[in-house]
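S.K.: Before I ask anything, here is the structure I am working with.
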Ligand code: NAD
């Protein structure tokens, strides 16, 4: 039995789950076929949605702290299976082992967060203008939640959404990316084991998985039986999903593309900035939604920073992500490689100068794997191609003289996910995170734009979608709010002083 089949077995993935299906799953490491997954048919989906609705009728009445116990168990299962799920993430999407493990850790972390949250699903009590009255808010479970995920976080994004949805009283239907269903399946199986341990307090169909391509996701998006659709992926996908959910007055959480920048000022610690640039620009081979794509650097420090950066880029270890010491794994597929080549060609036409990288690496060793030398392209200004998200390790360098211009350049893109400044000047830092600073959902100081913790709300503005998931009060999106006005007097006064007699 191959190592992968043994890992599948330990994760609870049966041979029937990964053989004989119509959806071929390939490893970006060498292009080898890993599995053939069965696609969910429209009639199966119909049944799955009906089961989720029935599950909701029961689950919403289980006390939230008891629901919290389920995600506690899920966290335990994820901890135990961390090495195996992390390995599947690495082999399926090409992340280096450390990042594959880190992704599963995010699942563990959100389970712990959601467990605590299960005792804090609280609304406010508000004073009334009427005597003998009180107003209060309650948060109630919402209904089945569809979770549609992108290839690049095939385990964590499901966990982020499902852990909160489950403690909020909502069943989940998970549609992983067609490029990475195996990591999703392994993460889902850990949840199934937790549900089995939780026993008959969990209704049948509390958590379900469907596999297939965009049309399958579209059926979930269009179903009025699903009050909340959480969709993570490209802006192109969000443009289709957003209006479709809105047309039936559903709720949505859209987590879409980013075009994340770092401003490096003359007051920056350049060595710290260098380390942050490296992790965020070339980590995950530039395939994080929060990857660093634009470096906006002050003219006075540009040469010094670029010198260090080019030296560091020249020593990057590109290769098989399963090998210790590798820092840059492959792109997900040939399409991603072609998109990178097109962006570099366009950048050159728009006045860009390639300072390093962009070409294919390790072609002889992995003819069907798409490895690249991470690219740095210096641009004369923020042209159209810089304003576009290329999902690959392509870093544009832009120069500024005046701090206000740096912020203007920073914000002059359609996306608004993550951002950061490197500076030890208090005025620059505070301006960057102020109302007239970065317009992104996340604005960091002396730390890169990627690698967020689960405690804060995650998400972005503008074409990134405008929604939030994970920490802080993101849980509220998985619930419906009711406002209750309670009269404990013997009178019936009307609001606004109206008399109606
Ligand atoms: P993608 O948009 O191609 O696919 C994402 C998911 O959406 C898949 O499950 C796919 O089947 C589904 N989908 C595609 N078109 C659809 C449609 N019309 N209706 C319903 N579902 C549809 O994205 P990808 O290539 O897998 O992921 C990369 C993109 O995701 C990048 O743009 C990246 O920035 C973004 N991303 C964003 C976040 C975030 O939190 N903001 C996180 C991860 C990835």
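S.K.: Identify, please: which residue in the stretch 183-219 is within 16 Å of the ligand (Cβ to nearest atom), surrounded by fewer than 23 Cβ atoms within 10 Å (Cβ to Cβ) and part of a helix (DSSP H, G or I) and is, among those, nearest to the chain's Cα centre (by Cα)?
M.R.: Applying the filter and picking the extreme gives 214.
S.K.: Among the residues that make up the stretch 398-414, is at least one of them under 17 Å from residue 281 (Cα atoms), at pLDDT 95 or above and surrounded by 24 or more Cβ atoms within 10 Å (Cβ to Cβ)? Working first, answer last.
M.R.: Residues of the stretch 398-414 under 17 Å from residue 281 (Cα atoms): 398, 410.
From what is left, the residues that are at pLDDT 95 or above are 398, 410.
Still in the list and also surrounded by 24 or more Cβ atoms within 10 Å (Cβ to Cβ): 410.
Scanning the stretch 398-414, I find at least one residue that is under 17 Å from residue 281 (Cα atoms), at pLDDT 95 or above and surrounded by 24 or more Cβ atoms within 10 Å (Cβ to Cβ), so the answer is yes.
S.K.: Hey, among 145, 127, which residue is at pLDDT 95 or above and crowded, with 18+ Cβ neighbours inside 10 Å? Don't jump to the end; show me each part of the working.
M.R.: Details: 127 fails: crowded, with 18+ Cβ neighbours inside 10 Å.
Step by step, each of 145, 127 is checked, and only 145 is at pLDDT 95 or above and crowded, with 18+ Cβ neighbours inside 10 Å.
S.K.: Then there's this: Consider only pairs whose beta carbons are under 9 Å apart and that are at least six residues apart or on different chains; among these, list those whose first residue lies in the stretch 279-298 and is farther than 15 Å from residue 309 by Cα and within 16 Å of the ligand (Cβ to nearest atom) and whose second residue is outside any loop (DSSP other than H, G, I, E, B) and at pLDDT below 95.
M.R.: none
S.K.: Which ones in the stretch 297-336 are farther than 25 Å from residue 388 by Cα, assigned to a helix (DSSP H, G or I) and out of contact with any strand residue (DSSP E or B) (no Cβ under 7 Å at 6 or more places or on another chain)?
M.R.: Within the stretch 297-336, 300, 303, 304, 307, 308, 311, 312, 314 meet the criteria.
S.K.: So which of 457, 452, 392 is within 16 Å of the ligand (Cβ to nearest atom) and modelled with pLDDT under 95?
M.R.: Numbers: 457 fails: modelled with pLDDT under 95; 392 fails: modelled with pLDDT under 95.
Unique residue meeting the criteria: 452.
S.K.: Taking residue 426, is it away from the ligand (no atom under 16 Å from the Cβ), buried (at least 16 other Cβ atoms within 10 Å of the Cβ), at pLDDT 95 or above and farther than 22 Å from residue 292 by Cβ?
M.R.: Numbers: away from the ligand (no atom under 16 Å from the Cβ): yes; buried (at least 16 other Cβ atoms within 10 Å of the Cβ): no; at pLDDT 95 or above: yes; farther than 22 Å from residue 292 by Cβ: yes.
Spelling it out, it is not the case that residue 426 is away from the ligand (no atom under 16 Å from the Cβ), buried (at least 16 other Cβ atoms within 10 Å of the Cβ), at pLDDT 95 or above and farther than 22 Å from residue 292 by Cβ.
S.K.: Pick from the stretch 257-271 the residues that are part of a loop (DSSP other than H, G, I, E, B) and within 10 Å of the ligand (Cβ to nearest atom): which of them is farthest from residue 225 (Cα to Cα)?
M.R.: Filtering the stretch 257-271 down to residues part of a loop (DSSP other than H, G, I, E, B) leaves 257-259, 265-269.
Okay, now just the ones that are also within 10 Å of the ligand (Cβ to nearest atom), so 257-259.
Numbers: 257: 27, 258: 30, 259: 34 Å.
Applying the filter and picking the extreme gives 259.
S.K.: So which of 337, 313 ends up being crowded, with 16+ Cβ neighbours inside 10 Å and within 16 Å of the ligand (Cβ to nearest atom)?
M.R.: Values: 313 fails: within 16 Å of the ligand (Cβ to nearest atom).
The conditions single out 337.
S.K.: Only residues that are in a helix (DSSP H, G or I), surrounded by 18 or more Cβ atoms within 10 Å (Cβ to Cβ) and more than 9 Å from the ligand (Cβ to nearest atom): list them for the stretch 220-246, please. If you could, list the steps in order and put the result at the bottom.
M.R.: Our first condition is that a residue be in a helix (DSSP H, G or I); within the stretch 220-246, this holds for 220-222, 235-246.
Cutting the leftovers down to surrounded by 18 or more Cβ atoms within 10 Å (Cβ to Cβ) gives us 220-221, 235, 237-238, 241-242, 245.
242, 245, listed by residue number.
S.K.: Any residue at all in the stretch 247-256 that is within 30 Å of residue 19 (Cβ to Cβ), surrounded by fewer than 22 Cβ atoms within 10 Å (Cβ to Cβ) and within 16 Å of the ligand (Cβ to nearest atom)? Can you show your working first?
M.R.: From the stretch 247-256, those within 30 Å of residue 19 (Cβ to Cβ) are none; that's our starting set.
So far as the stretch 247-256 goes, no, none of its residues is within 30 Å of residue 19 (Cβ to Cβ), surrounded by fewer than 22 Cβ atoms within 10 Å (Cβ to Cβ) and within 16 Å of the ligand (Cβ to nearest atom).
S.K.: Is the stretch 407-414 home to any residue that is under 21 Å from residue 332 (Cβ atoms) and under 20 Å from the mean Cα position of the chain (by Cα)?
M.R.: Checking the stretch 407-414: not a single residue is under 21 Å from residue 332 (Cβ atoms) and under 20 Å from the mean Cα position of the chain (by Cα).
S.K.: In the stretch 90-124, what residues are outside any helix (DSSP H, G or I), surrounded by fewer than 24 Cβ atoms within 10 Å (Cβ to Cβ) and free of Cβ contacts under 8 Å to residues at least 60 places away in the same chain? Let's see the steps before the verdict.
M.R.: Taking the stretch 90-124 and keeping what is outside any helix (DSSP H, G or I), we get 94-96, 118-124.
Retained after the next criterion (residues that are surrounded by fewer than 24 Cβ atoms within 10 Å (Cβ to Cβ)): 119-124.
Scanning the stretch 90-124 gives 119, 120, 122, 124.
The values are calculated or read from the model by the stated rules, or taken from the named source; none is laboratory data. This is a predicted model, so every value here is computed, not measured. Note that we place each Cβ from the backbone using ideal geometry, even for glycine, and neighbour counts take in every protein chain shown.
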